[in-house]
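Nothing in this text is a laboratory measurement; each read-out follows from the coordinates by a stated rule. Just so we're clear, the structure is a prediction, and the values are computed from it rather than from any experiment. Cβ atoms come from the backbone with ideal geometry, glycine included; neighbour counts cover every protein chain shown.
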There are 2 protein chains.
Amino acid sequence: MTDHDQAVKRTLEFLRKAGIVLTEEEQQKIEIAEMGLGHLEVEGLQLYTYVNTSRYCAKELVLFPNQTCPEHLHPPVFGEPGKEETFRCRWGTVYLYVDGEATVNPSVNPPKGKEAYYTVRHEIILTPGQQYTIPPNTKHWFQAGDEGAVVSEFSSTSRDEYDIFTDPAIKRSAGLN
Amino acid sequence: MTDHDQAVKRTLEFLRKAGIVLTEEEQQKIEIAEMGLGHLEVEGLQLYTYVNTSRYCAKELVLFPNQTCPEHLHPPVFGEPGKEETFRCRWGTVYLYVDGEATVNPSVNPPKGKEAYYTVRHEIILTPGQQYTIPPNTKHWFQAGDEGAVVSEFSSTSRDEYDIFTDPAIKRSAGLN
């Protein structure tokens with residue numbers, strides 16, 4: 001089994017724990033965003049996009065235990081404000097960091113050696129049933145707890161290719177194959 | 001227990017079956033849309049709105065067994081096209097009817113005596129993991145199968161008060177209290 005197929009299989013296990021059903025056809029379209037960093041378990045994200053129209057988007061995000069989605073923001077594109085998004089935790093725990101007063105004694109830390117690329121430190125903890133809306137054009141990053149996490153994302157139109165990551169090494173479109 | 005509280009309790013049972021968690025505070029905000037028709041079990045809808053911004057909206061819809069959400073459309077408002085919405089079935093079966101060629105031998109029928117207010121007859125069947133996107137300004141109605149149904153709705157901004165129902169007796173804002 002390739003690394004990609006292994007990651008898809010694992011993603012499906014988390015979705016199952018959250019009670020989320022994908023059809024066989026949808027399962028083939030799960031995205032493994034390794035982001036060109038070469039250490040998916042540390043930094044990366046698994047996702048499935050339900051719908052992305054010119055007006056709105058909905059995705060399911062899966063984080064493996066302690067996996068971090070690197071800091072980024074959604075800039076204005078085509079004269080529209082950047083993507084506005086609501087994260088709703090469905091399963092597990094997600095530690096979300098956004099702009100604002102740095103949280104003293106945060107629950108988790110950025111990946112070791114990558115601290116310079118994680119600049120916002122205001123902590124929001126989301127457990128199942130809790131949600132938070134991130135305004136356009138503002139930096140954020142998030143990390144799963146020890147169990148991993150499943151997060152529903154409701155948003156305006158998604159244009160991932162325009163995302164701006166703090167770490168210049170990141171290539172958002174890079175996926176495992 | 002009031003009719004409203006009874007309907008909320010029942011709604012929560014269906015959400016639980018679908019593995020969907022609402023916080024205690026959210027549970028208090030479940031909407032029982034009786035629509036002024038006085039027969040919730042026949043025509044009506046239960047829903048919870050996760051988020052409704054100026055750009056997007058996400059809701060969870062619950063239908064009791066064989067309950068019908070009456071035919072309506074989302075017209076243009078404030079110079080924007082009407083609401084565009086994606087229904088994704090999470091649990092149970094939902095029979096959705098949209099504009100298009102009438103389906104011969106449809107799976108279900110409009111509520112008895114209300115046939116005149118159900119004019120679109122093209123059938124889409126959604127089971128868990130299946131979804132359908134309804135364009136703005138087009139009539140649609142839907143009915144749950146014998147088990148009931150839980151449906152996630154992803155959409156552009158929701159402005160329910162402007163919905164146009166085919167049945168003139170309907171008051172969208174009427175809820176059970």
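What separates the B:Ile164 label point from its copies, with the point 7 Å along Cα to Cβ, is 4.3 nm, written shortest first. Largest mean-square fluctuation among B:Ser107, B:Ser54, B:Ser155, in a Gaussian network model of chain B whose springs join Cα atoms under 10 Å apart, belongs to B:Ser54.
Rounded to the nearest 500, the helix-only mean residue ellipticity at 222 nm of chain B stands at -3000 deg cm²/dmol, with each DSSP H run of n ≥ 4 adding -39,500 (n - 2.57). Out of A:Ala58, A:Ala102, A:Ala33, any idea which swings most in a Gaussian network model of chain A, alpha carbons joined below 10 Å? Of the options given, A:Ala102 has the highest mean-square fluctuation. Measure out, as a whole number of angstrom, how far apart the alpha-carbon centroids of the stretch A:40-115 and the stretch A:126-155 sit. Taking the Cα centre of the stretch A:126-155 as reference, the centre of the stretch A:40-115 is 6 Å away.
Relative contact order of the stretch B:3-165: 31 percent, from C-alpha pairs under 8 Å at least 6 residues apart in sequence. Do any of A:Lys139/B:Lys83; A:Lys114/A:Lys171; B:Lys59/B:Lys112 go past 19 Å between their Cα atoms, and which? In this structure, A:Lys139/B:Lys83; B:Lys59/B:Lys112 lie more than 19 Å apart at Cα.
How large is the translational diffusion coefficient of the stretch B:7-49 in µm² per second when you combine the Kirkwood radius over alpha carbon pairs with Stokes-Einstein at 37 °C and 0.692 mPa s?
Approximately 300 µm²/s, per Stokes-Einstein.
About its Cα centre, the stretch A:3-165 has a charge dipole of approximately 280 debye under the convention of +1 per Lys or Arg Cβ and -1 per Asp or Glu Cβ, with nothing else charged. Size check on the stretch A:43-131: the Cα extents along the three principal axes, sorted descending, read 40, 30, 22 Å.
Give the range of the longest stretch in chain B that excludes all trypsin sites (Lys or Arg not before Pro) found in loop regions by DSSP and having at most 13 other beta-carbon atoms within 10 Å.
Values: sites that count: B:Lys29, B:Lys112, B:Lys171.
Free of exposed loop sites, the longest segment is B:30-111.
For A:Thr2, the point set 7 Å out from Cα toward Cβ sits 5.8 nm from its twins in the other copies, listed from shortest up. Among A:Ile124, A:Cys69, A:Tyr48, whose Cα sits farthest toward the positive end of the charge dipole of chain A (+1 at Cβ of Lys/Arg, -1 at Cβ of Asp/Glu, about the Cα centre)? Most positive-ward Cα: A:Ile124.
Across the stretch A:99-106, computed HN-Hα scalar couplings (Karplus, 6.51 cos²θ - 1.76 cosθ + 1.60, θ = phi - 60°) run 5, x, 4, 4, 6, 6, 6, x Hz from first to last residue, x flagging Gly and Pro.
Convex hull volume per residue, computed on the Cα atoms of the stretch A:3-165, equals 112 Å³. Using the alpha carbons alone, the radius of gyration of the protein assembly as shown stands to its Kirkwood radius in an Rg to Rh ratio of 0.99.
If you place +1 on the Cβ of every Lys and Arg, -1 on the Cβ of every Asp and Glu, and leave all else neutral, what size is the dipole of the protein assembly as shown about its Cα centre, to the nearest 20 Debye?
Working: 34 positive and 52 negative charges, 5 e Å.
Taking the Cα centre of the protein assembly as shown as origin, the dipole is about 20 debye.
A Gaussian network model of chain B, with springs between Cα atoms under 10 Å, assigns the largest mean-square fluctuation among B:Ile20, B:Ile125, B:Ile164 to B:Ile20. The other copies place their B:Gly100 label points at 4.4 nm from this one, listed shortest first, where each point is 7 Å from Cα along Cα→Cβ. On the rotation that sends chain A to chain B, the chain A Cβ lying closest to the axis gives residue and distance in whole Å as A:Gly19, 1.
Whole-Hz Karplus values for the stretch B:16-29 come out as 4, 4, 7, x, 9, 9, 10, 5, 3, 5, 5, 4, 6, 9 Hz, taken residue by residue from phi with 6.51 cos²θ - 1.76 cosθ + 1.60 and θ = phi - 60°; glycine and proline positions read x.
Let me know the mean shielding of B:78-89 by other chains, meaning the per-residue number of their Cβ atoms within 10 Å of its Cβ.
Details: counts 0, 0, 1, 2, 0, 2, 5, 4, 7, 0, 4, 1.
Mean shielding by partner chains, rounded to a whole number: 2.
Shown in residue order for the stretch A:79-93 are the 3J(HN,Hα) couplings computed by the Karplus curve 6.51 cos²θ - 1.76 cosθ + 1.60 at θ = phi - 60°: x, 9, x, x, 4, 9, 9, 10, 9, 10, 6, 9, 7, x, 10 Hz (x for Gly and Pro).
Would you please name the chymotrypsin sites (Phe, Trp or Tyr not before Pro) within the stretch B:25-87 that are DSSP coil residues with at most 12 other C-beta atoms within 10 Å of their C-beta? Before the final figure, lay out the partial values.
Values: sites: B:Tyr48, B:Tyr50, B:Tyr56, B:Phe78, B:Phe87; in loops: B:Tyr56, B:Phe78.
Passing sites in the stretch B:25-87 are B:Phe78.
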